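First the structure, in the form of structure tokens, and then the observations on it.
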Amino acid sequence: MAHPLLRPAVLVGAICGGVSGLAVGAMAGPFGVGIGVVIGLVSGAVAARVIEKEDDRRDHRTRELDVIIGTTTGDMSGGHGLRESRAEMDRWVNEWLTPPPPAVG
């Protein structure tokens, strides 16, 4: 597996951020161009990595649920995959059934 910062999505995010930083920094002059590119590269790479990790987490959980429900193998009775420990079930409840925070304003 490639280093997390060398993955294609992260590189594309860094490039897009760098171009955006270049455009915004050009308004401030030559010094602003350099600062804008650096800040854009870093923020674009970080944003792309966060999005990629979230997608990986969602894909992993979807595969887990497919096995539990039985949509990919076996029957769809759901009985064979429900032998999870109490700690695993509590983790699932906390992750997926926690209500969103209330709207402010």
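The values are calculated or read from the model by the stated rules, or taken from the named source; none is laboratory data. In this text the structure is predicted, and so the values were computed from the model without any measurement. Backbone-built Cβ (ideal geometry, glycine too); neighbour counts: all protein chains shown. These accessible areas exclude ligands, DNA and RNA; they are computed on the full protein's heavy atoms, side chains included. Shrake-Rupley method; radii C 1.70, N 1.55, O 1.52, S 1.80 Å.
Per-structure values
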read-out	value
Number of positions in region 20-37 that are open to solvent by 80 Å² or more (accessible area, probe 1.4 Å) and either at pLDDT below 85 or out of contact with any Gly (no Cβ under 7 Å at 6 or more places or on another chain) (or both)	4
Total residues in region 21-34, condition in a helix (DSSP H, G or I), free of Cβ contacts under 8 Å to residues at least 12 places away in the same chain and among the aliphatic types (A, V, I, L, M)	2
Pair list, Cβ under 9 Å, 6 or more apart: region 51-79 residue under 24 Å from A9 (Cα atoms) and open to solvent by 80 Å² or more (accessible area, probe 1.4 Å), other residue of a type in the set (A, V, I, L, M) and at pLDDT below 90	I51/A9
